[in-house]
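Let me begin by presenting the structure, written as structure tokens, before commenting on it.
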Amino acid sequence: MVHLWVRAESRANEQRVGITPAGVGELIAQGFRVTVEESPHRILPIAGYAAAGAEIAPAASWPGAPAEAIVFGLKELPEDGTPLAHRHIMFGHAYKGQPAGLALLRRFRDGGGVLYDLEYLTDESGRRLAAFGYWAGFAGAAVSLKAWAAQRRGSLCGPVAAWPSQEAMQDELRAELDATGAPRPHALVVGALGRVGSGASDLLARMRVRVTKWDMAETAGGGPFPEILAHELFVNCILAGPQTPVLVPPEAVGPGRALTVIGDVACDPSSDFNPVKVYDRATDWDRPAIRLAERPPLDVMAIDNLPSLLPRESALDYAAQLLPVLKRLDRIDEGAWGRAGALFRDHLAAP
């Protein structure tokens with residue numbers, strides 16, 4: 001019997017969850033055992049999971065879960081260095097040379113556990129089977145516009161918090177943009193045909209922002225691209241990899257550009273493949289943007305948990321995408337799970 005253990009998220013401001021009570025009910029009906037940890041922050045109340053038949057466990061009790069349990073969360077585990085003996089499903093961010101990722105792989109090596117990275121659950125063609133991308137792009141474009149509006153007021157973007165709905169986000173943002181009295185900026189979205197770029201483009205269009213949409217065809221020749229510097233707002237929505245061209249070189253912080261805000265939704269500053277070379281650290285909810293230049297200003301928004309700003313929409317959407325994949329956990333050595341496990345073993349064996 002598959003035992004899925006849904007852990008509470010330990011990261012601050014993380015209200016999302018990867019499965020709904022209805023989804024738990026479907027897994028139980030299929031013969032799974034499901035345990036859900038209590039959480040004071042989860043956007044979906046624990047009562048719904050209990051009503052669906054889940055066993056309820058205290059928050060952060062997963063280290064004591066039965067050895068056969070598969071521990072399922074979204075964001076990172078506490079970085080306490082302890083060996084990891086269980087099979088874990090989560091976004092590990094462990095395969096691109098990031099220091100935290102290498103430390104995570106060492107913990108799995110020490111404990112004998114296995115990572116099934118949600119980012120690499122793919123079909124036979126390599127397409128991801130479930131992703132938060134749309135809402136990452138949607139929220140990332142919104143915070144980038146807030147940074148632009150703050151510049152019009154002569155300031156830096158202030159703290160952000162989760163919105164109860166996308167409608168509430170849009171109403172607040174529209175009022176903030178209108179209050180500047182300035183024309184909307186001209187934005188360029190790279191990766192516009194993907195999930196992330198679609199979300200960013202949709203939000204920008206709803207805010208009456210002119211959007212130039214680029215995808216693989218426009219970046220195939222390799223960068224850097226002076227066209228990016230000719231737009232006031234640039235939103236990067238492409239997943240970095242070895243073939244990713246440099247989109248914004250280090251010298252872009254200099255004068256002679258229209259660009260004043262970069263929204264790096266992809267947000268991979270510690271990766272060797274990072275295509276936005278003007279910054280080296282992520283931003284957060286308390287300080288959503290960092291200023292890199294003053295005349296003219298250049299701010300970067302690089303929050304790495306953007307979908308959490310719209311926790312209900314993003315959780316419900318993602319859980320619906322992922323449920324058919326979770327239903328195949330009884331064949332964990334096959335299909336998408338088998339490919340994710342093989343990828344983990346390859347990286348674990350790498351020198």
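Taking Cα centre as origin and charging only the Cβ of basic (Lys, Arg, +1) and acidic (Asp, Glu, -1) residues, the dipole magnitude of the stretch 97-208 rounds to 300 debye.
Spatially, the stretch 248-265 and the stretch 306-349 are offset by 35 Å when compared through their Cα centroids. Relative to the longest principal axis of the Cα atoms of the chain, the long axis of helix 166-180 lies at roughly 20 degrees. Beyond 20 Å, how much of the Cα-Cα pair distribution for the stretch 212-351 remains, as a whole percent? Cα-Cα pairs in the stretch 212-351 separated by more than 20 Å: 60 percent.
Quick one: grab the alpha carbon gyration tensor of the stretch 194-278, order the square roots of its eigenvalues as a ≥ b ≥ c, and give me rounded if a/c is under 1.5, else prolate or oblate depending on whether a/b is larger than b/c. Here the stretch 194-278 falls in the oblate category. Using C-alpha pairs under 8 Å with a sequence gap of at least 6, the mean separation divided by the residue count of the stretch 214-351 gives a relative contact order of 18 percent. In straight-distance terms, cross-link reach from Lys96 covers every one of the aspartates and glutamates whose alpha-carbon lies under 19 Å from its own, apart from those fewer than eight places away in the same chain; here that gives Glu76, Glu79, Asp117, Glu119, Asp264, Asp268, Asp272, Asp280, Asp304, Asp346. Using the rule -39500 (n - 2.57) for each DSSP H run of four or more residues, divided by the residues of the chain, the 222 nm mean residue ellipticity is -10000 deg cm²/dmol. A Förster distance of 25 Å, applied to the separation of the beta-carbon atoms of Arg312 and Arg11, puts the FRET efficiency at 0.90. From the alpha carbon centroid of the stretch 150-184 to that of the stretch 71-129 is 35 Å. Shape summary of the chain, radius of gyration then Dmax from alpha carbon positions: 20.7, 63 Å. Considering only Asp317, Asp215, Asp178, the Gaussian network model of the chain with Cα springs below 10 Å gives its largest mean-square fluctuation to Asp178. Using a ≥ b ≥ c from the Cα gyration tensor of the stretch 237-295 (square roots of the eigenvalues), is it rounded, prolate or oblate, where a/c under 1.5 gives rounded and otherwise the larger of a/b and b/c decides, a/b for prolate? Taking the square roots of the gyration eigenvalues as a ≥ b ≥ c, the stretch 237-295 is oblate.
Trp337 exposes around 0 Å² of accessible area when a 1.4 Å probe is run over every protein chain in place. Note on Ala175/Asp202: beta-carbon distance plugged into 1/(1 + (r/R0)^6) with R0 of 25 Å gives a FRET efficiency of 0.85.
In this simple spin-label approximation, Gln243 and Ala182 carry label points 7 Å from Cα along the Cα→Cβ vector, and these lie 3.8 nm apart. Across the chain, the relative contact order, built from alpha-carbon pairs under 8 Å that are at least six residues apart, equals 19 percent. Scanning residues 5 or more positions from Ala57 or on other chains, those with amide H under 5 Å from its amide H are Val36, Glu37, Glu38, with H placed 1.01 Å from N in the peptide plane.
Modelled label positions at Ala349 and Glu68, each set 7 Å beyond Cα in the direction of Cβ, lie 2.8 nm from each other. Helix 195-206 and the longest principal axis of the Cα set of the chain meet at an angle near 50°.
Each of Arg295 and Glu79 was given a label point 7 Å from its Cα along the Cα-to-Cβ line. The distance between the two points is 3.8 nm. Note on Gln30 and Ala168: with the Förster distance fixed at 41 Å, the Cβ-Cβ geometry gives a FRET efficiency of about 0.70. Look at the Cα gyration tensor of the stretch 83-130: its axes a ≥ b ≥ c give a/c of at least 1.5 with a/b at or below b/c, and that counts as oblate.
The values are calculated or read from the model by the stated rules, or taken from the named source; none is laboratory data. Here the structure is a predicted model, which means the values were calculated and not measured. When we count neighbours, we look across all protein chains shown, and the Cβ atoms used for this are built from the backbone with ideal geometry, even at glycine. Heads up: the accessible areas ignore ligands, DNA and RNA and are worked out on the full protein's heavy atoms, side chains in. Shrake-Rupley method; radii C 1.70, N 1.55, O 1.52, S 1.80 Å.
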